[in-house]
Amino acid sequence: MTLESDIELSGPFQVKDGAGRLLDVKAIRIFDEGYGIIDVYVDFKARLDAGAHKDTALQRQIVERLRALGYKGPDFGLSDPGLQESSLIVLEAPEEFTAFAKSRGWKNLAEDFD
């Protein structure tokens, strides 16, 4: 992921995983352009346990952070399993996230063809 095409939605904050361990999030980001579905990238300071991307406690706290920043809408799902990394969780935002993303500078490239 290149920083040149990223929009940072949140800087550092902390979350607890399902086992109660405190984890440091470096940032929540999205790419500045896309077609429809938006992947949300959550970078962690340290390596995560295997399967951490499936931890619903982590997912819930990430979405709650975005809600505190102004997102109004349903929870997110996991993105493609191949995108998950040792210190990165990638979530797939629902359609309702688009308005929030646009308010942060995201451009829907599909609108160019409407």
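Working carefully through the options GLY82, GLY73, GLY51, find the one that is touching a residue at least 24 places away in the same chain (Cβ under 8 Å) and among the small types (Gly, Ala, Ser).
GLY73
Working carefully through the options ASP49, ASP55, ASP39, find the one that is surrounded by 16 or more Cβ atoms within 10 Å (Cβ to Cβ), over 17 Å from PHE100 (Cα atoms) and among the charged types (D, E, K, R). Give the derivation first.
Working: ASP49 fails: surrounded by 16 or more Cβ atoms within 10 Å (Cβ to Cβ); ASP39 fails: over 17 Å from PHE100 (Cα atoms).
Residue meeting the stated conditions: ASP55.
From the set of residues in segment 2-25 that are of a type in the set (Gly, Ala, Ser) and within 16 Å of the chain's Cα centre (by Cα), which is surrounded by the fewest Cβ atoms within 10 Å (Cβ to Cβ)? I'd like the intermediate steps shown before the answer.
If we filter segment 2-25 for residues that are of a type in the set (Gly, Ala, Ser), which is where we start, we get 5, 10-11, 18-20.
Filter once more, keeping what is within 16 Å of the chain's Cα centre (by Cα): 5, 10-11.
Working: SER5: 11, SER10: 16, GLY11: 9.
Ranking the qualifying residues of segment 2-25, first place goes to GLY11.
Among (1) modelled with pLDDT of 90 or more; (2) open to solvent by less than 60 Å² (accessible area, probe 1.4 Å); (3) more than 16 Å from ASP6 (Cα to Cα); (4) over 11 Å from the mean Cα position of the chain (by Cα), which single condition is ALA68 missing?
(2)
What number of residues in segment 74-92 are small (Gly, Ala, Ser) and modelled with pLDDT of 95 or more? Spell out the reasoning first.
Of segment 74-92, the ones small (Gly, Ala, Ser) are 77, 79, 82, 86-87.
From what is left, the residues that are modelled with pLDDT of 95 or more are 87.
Number satisfying all stated conditions: 1.
The values are calculated or read from the model by the stated rules, or taken from the named source; none is laboratory data. Since the model is a prediction, treat every value here as computed from it, not as a measurement. Here Cβ is always computed from backbone atoms with ideal geometry, including for glycine, and neighbour counts include all displayed protein chains. Side chains are part of the model used for accessible areas, which takes the heavy atoms of the whole protein and leaves out ligands, DNA and RNA. Shrake-Rupley method; radii C 1.70, N 1.55, O 1.52, S 1.80 Å.
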